[in-house]
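The values are calculated or read from the model by the stated rules, or taken from the named source; none is laboratory data. Nothing here was measured: the structure is a model prediction, and the numbers come from that model. Cβ sites come from the backbone with ideal geometry, for glycine too, and all protein chains shown count toward neighbours.
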Amino acid sequence: MAEKIKKSVPPSGPAMNVAKPGTSGWKSTSDNPAVWLAAADKKLKSLKGASCEFQFKIDMAGGHGFSGGKTALASPVEFRLEYPVVRMGDHPDIYKESLLVTNNQFAILADTGNNKPLPAAGVHRGPSESWESSFPHDFPRLMLDGYGSGLAPLTSYLQAIKKSGGYQVKAETQTATVAGRKVTLQRILITRNSLQLKPNGPFLMEIILDGSLAVPITVRSQTVGLEHKPLNLFWTGKWELSGQKFDDKTFTFPAPKAGE
């Protein structure tokens with residue numbers, strides 16, 4: 001069920017505040033971030049028998065929230081993309097949705113119980129508005145939206161902000177140990193140009209890729225939401241890229257409710 005955004009950080013459990021990006025160990029590089037993101041888009045489209053277990057945090061003027069879930073990618077024609085959704089307003093809350101695709105059937109499933117079977121032609125993939133405006137608030141869904149669709153969401157977002165001319169893009173690398181492997185992490189930091197700060201407010205987008213696997217492992221945005229109040233989102237994912245076996249229920253459509 002949907003979880004209400006809490007008004008204060010609980011004394012125990014996962015830390016809900018979204019910290020600023022770290023600086024220690026990162027070094028600037030002349031590598032082209034467009035090449036990194038293109039490689040990630042290509043990898044994410046091609047996965048089979050893969051999964052991503054994620055955690056998601058939100059920090060906003062109305063309080064803090066936490067969610068987690070798991071995306072299951074059997075093949076480009078059978079998958080379940082799971083992602084958190086934040087509903088803004090007077091009483092903001094957070095819930096999970098899934099795009100379920102199997103046997104040429106499509107549905108949006110929500111843990112609120114608002115399930116929506118869809119015809120193939122009715123499945124919307126990509127941003128609700130523009131890549132520039134949608135990605136910072138909807139990246140948990142959009143960054144995986146190339147799976148089974150032909151889209152290149154990470155590349156499309158970078159192209160959109162470069163076209164707008166209102167941002168600075170910085171590429172950095174760091175060597176780290178991830179799950180027992182020594183890897184090169186690739187980080188892309190996107191900030192607003194100084195002339196854009198006053199009319200639009202502060203902005204930061206951080207995308208960290210596992211350079212060996214070419215998949216995102218951390219994504220963070222620090223922007224402004226309703227009434228220009230701070231809105232900070234954080235996603236981190238743990239990937240299993242092959243050999244995953246899924247229960248039949250993972251891709252089973254829920255039985256229709258009475259009257260549907």
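Can you confirm whether A61 is aliphatic (A, V, I, L, M), modelled with pLDDT under 85 and touching a Lys or Arg at 6+ places or on another chain (Cβ under 6 Å)? The answer is yes for A61. Selection of segment 79-91 for residues being at pLDDT below 85 and outside any loop (DSSP other than H, G, I, E, B) yields V85, V86, R87. The residue list I208, I190 contains one member that is under 21 Å from K57 (Cα atoms) and touching a Lys or Arg at 6+ places or on another chain (Cβ under 7 Å), which is I208. Take segment 187-218 and flag every residue that is modelled with pLDDT under 90 and small (G, A, S). The answer is S194, G201. Does I94 count as touching a Leu at 6+ places or on another chain (Cβ under 7 Å), assigned to a strand (DSSP E or B) and either modelled with pLDDT under 95 or not hydrophobic (A, V, I, L, M, F, W, C) (or both)? When the stated conditions are applied, I94 does not pass them. Candidates are the residues of segment 224-242 that are over 22 Å from S98 (Cβ atoms) and modelled with pLDDT under 85; the one that is surrounded by the most Cβ atoms within 10 Å (Cβ to Cβ) is L231.
Yes or no, residue by residue, for (1) touching a Gly at 6+ places or on another chain (Cβ under 6 Å); (2) not hydrophobic (A, V, I, L, M, F, W, C):
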{"residue": "E129", "(1), (2)": "no, yes"}
{"residue": "S134", "(1), (2)": "no, yes"}
{"residue": "H137", "(1), (2)": "no, yes"}
{"residue": "L151", "(1), (2)": "yes, no"}
{"residue": "T155", "(1), (2)": "no, yes"}
{"residue": "K162", "(1), (2)": "no, yes"}
{"residue": "G166", "(1), (2)": "no, yes"}
{"residue": "V169", "(1), (2)": "no, no"}
{"residue": "Q174", "(1), (2)": "yes, yes"}
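If the condition is being modelled with pLDDT of 80 or more and either hydrophobic (A, V, I, L, M, F, W, C) or out of contact with any Asp or Glu (no Cβ under 9 Å at 6 or more places or on another chain) (or both), then segment 102-128 contributes Q105, F106, A107, I108, L109.
Counting only residues that are of a type outside the set (V, I, T) and in contact with a Leu (Cβ under 7 Å, 6 or more places away or on another chain), how many does segment 49-70 have?
3
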